[in-house]
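All remarks here apply to the structure that follows.
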Amino acid sequence: MSFKLALVSTAVFGALAAGPALAADKVIKLGFAAPLTGPQAHYGEDMRNGLVLALEEANAQNIEIDGATARFELVAKDDQADPRTAVQVAQQIVDEGVDGVLGHFNSGTTIPASRVYNDAGIPQIAMATSPEYTQQGYDNTFRMMTSDTQQGAAVGQFIVKDLAAKKVALIDDRTAYGQGLTDQVARAVEKAGGQIVAREYTTDKANDFTSILTNIKSKQPDAIFFGGLDAQSGPMKRQMQTLDIKAPLVSGEMTRSDTFLRLAGGAANGTYASLAGVPLSTMAAGEKFAKDYQARFKAEPGVYAPYAYDGAWNMITAMKEAGSSKAEDYLPKLAALKRNGATSNNIAYDQNGDLKEIAVTIYEVKDGQWTMVKTMVSQAN
């Protein structure tokens, strides 16, 4: 499916809970873009579902904005996880006359698209975790999740301190996300007293890692960190087992998925993955979110749905507090936001648009299932 055909009907995703907008209603369009087709579509669908749940709840509350009852509509586009497509999609979203943007998903698409939204003066809350996203000097960029700087620091320390790994090998997929997270892990490993003995590179399209794994095996690392997607980490873990590599594989949140478990099969056990935030069961309103999500979508929520849900409510709350959907009115409210959400009771942004609360959880695959190892929570200065 081309991105031009991937516009999701706002009638489907905008006002399901409240029915069609009435003449006196104020229609507020919120843009959304993520991979909705291809190997990363499960990420985009998970994110979209969280947004849809929030918008439907908001529509049922008959919130007054701009002197009328607000009816939120989601203008959804498929950016195919491709930076060039993302820029085209971003311009299409701007041309739709949206009042805010909830996306993109990938760092590699979010960063170039953010320039389009900044030029148009549209606030953006993205799932992207690359530090660069909120370090461009824009005042309209905000996050849904902890950044890679924060997550990488926690992972690097875990590898050295908890896994007692003195020698660490690194692999990244050369995407903005994979390379950025791996860079942060490398710094943290060395700061904690570990040694980087190898760094190899692949792509987010590859599935054969025999050559780079053979080279890494010769370095005899105590742990291997991979920055990239489950579509690569799954086969990679299988090939590690084939090559009799005993060092554990450690990765980021995009590996902490059912897709990884399926692709890695019997080799999955002993893999570690970090995830921004805390487990759904221990989130501030995680149990309620899970129940509402299951009732709406007849499925278990994925990793990203609750963060998307809170991201949408952050923007809606800012508009509600401002009594306006105009960016110049609600942007200051968004920057100064303090609210209780599904993922945390302390949602607030720093001066760059990063979340002030830093939470990272480490998981391990045991008996074919992801199991929590430890959670680290702190507040940014």
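Counting only pairs 8 or more places apart or on different chains, how many lysine pairs in the range 119-221 have C-alpha atoms closer than 19 Å? Please list the in-between numbers first.
Numbers: Lys161/Lys191; Lys166/Lys191; Lys166/Lys217; Lys166/Lys219; Lys167/Lys191; Lys167/Lys217; Lys167/Lys219.
Lysine pairs meeting the criterion: 7.
Each of Gln294 and Ala192 was given a label point 7 Å from its Cα along the Cα-to-Cβ line. The distance between the two points is 3.4 nm. Magnitude of the charge dipole for the range 112-244, about its Cα centre and with charges confined to Cβ atoms of Lys, Arg (+1) and Asp, Glu (-1), is about 380 debye. Charge dipole (Cα centre; +1 on Lys/Arg Cβ, -1 on Asp/Glu Cβ; no other charges) of the chain amounts to roughly 900 debye.
Result for the chain in a Gaussian network model with C-alpha springs under 10 Å: among Ala312, Ala192, Ala335, the largest mean-square fluctuation is at Ala192.
For the chain, what does the helix formula give at 222 nm: sum of -39500 (n - 2.57) over DSSP H segments with n ≥ 4, over the residue count, nearest 500 deg cm²/dmol? It would help to have the intermediate numbers written out before the result.
Numbers: 12 runs with 145 residues, N = 381.
After summing the helix terms and dividing by the residues of the chain, the value is -12000 deg cm²/dmol.
With an 8 Å cut-off on Cα pairs and a minimum separation of 6 or more residues, tell me the relative contact order of the range 147-271 in percent. Kindly include the intermediate steps, with their values, before the conclusion.
Working: 229 pairs, mean separation 31.3, N = 125.
It comes to 25 percent, rounded to a whole number.
Between Gly368, Val87, Asn345, the Cα set farthest toward the positive side of the dipole of the chain (charges on each charged residue's Cβ, about the Cα centre) is that of Gly368.
Shown for the chain: the carbon plus sulfur share of the solvent-accessible area, taken with all protein chains present and a 1.4 angstrom probe, equals 47%.
Applied to the range 195-211, the Karplus parametrisation 6.51 cos²θ - 1.76 cosθ + 1.60 on θ = phi - 60° returns per-residue 3J(HN,Hα) values of 10, 7, 9, 6, 9, 10, 10, 9, 10, 7, 10, 6, 9, 10, 10, 4, 5 Hz, with x for Gly and Pro. Distances between placed amide hydrogens fall under 5 Å for Gly227 paired with Ile171, Asp172, Asp173, all partners being 5 or more residues away or on another chain. Which one, Leu331, Leu261, Ser107, projects farthest toward the positive side of the charge dipole computed for the chain from Cβ point charges (K/R +1, D/E -1)? Towards the positive end, the residue furthest out is Leu261. Over the chain, what portion of Cα pair distances is larger than 41 Å, expressed as a whole percent? When every Cα pair of the chain is considered, 12 percent fall beyond 41 Å. The range 329-346 and the range 175-195 have Cα centres separated by 30 Å. What you get for the range 185-283, charging only the Cβ of Lys and Arg (+1) and of Asp and Glu (-1), is a dipole of about 140 debye around the Cα centre.
Rolling a 1.4 angstrom probe over the protein heavy atoms, how many square angstrom per residue are accessible across the chain?
Values: 15090 Å² over 381 residues.
That works out to 40 Å² per residue.
Please work out how much length the chain gains when fully extended from Asp66 to Glu200, using 0.36 nm per residue of separation minus the C-alpha to C-alpha distance, in nm with one decimal. Each step should come with its number before you reach the end.
Working: separation 134, 0.36 × 134 = 48.24 nm, distance 5.32 nm.
Here the answer is 42.9 nm.
Derived scalar couplings between HN and Hα for the range 357-373 equal 7, 9, 9, 9, 10, 9, 10, 10, 7, 10, 6, x, 10, 6, 10, 5, 9 Hz in order, rounded to whole Hz, by the Karplus curve 6.51 cos²θ - 1.76 cosθ + 1.60 (θ = phi - 60°), x for Gly and Pro.
From the alpha carbon centroid of the range 354-381 to that of the range 143-160 is 9 Å.
The values are calculated or read from the model by the stated rules, or taken from the named source; none is laboratory data. Predicted, not measured: the structure shown is a model, and the values here were computed from it. Positions of Cβ are backbone-derived with ideal geometry, glycine not excepted, and every protein chain shown enters the neighbour counts. Calculation scope for accessible area: heavy atoms of the full protein, side chains included, ligands and nucleic acids excluded. Shrake-Rupley method; radii C 1.70, N 1.55, O 1.52, S 1.80 Å.
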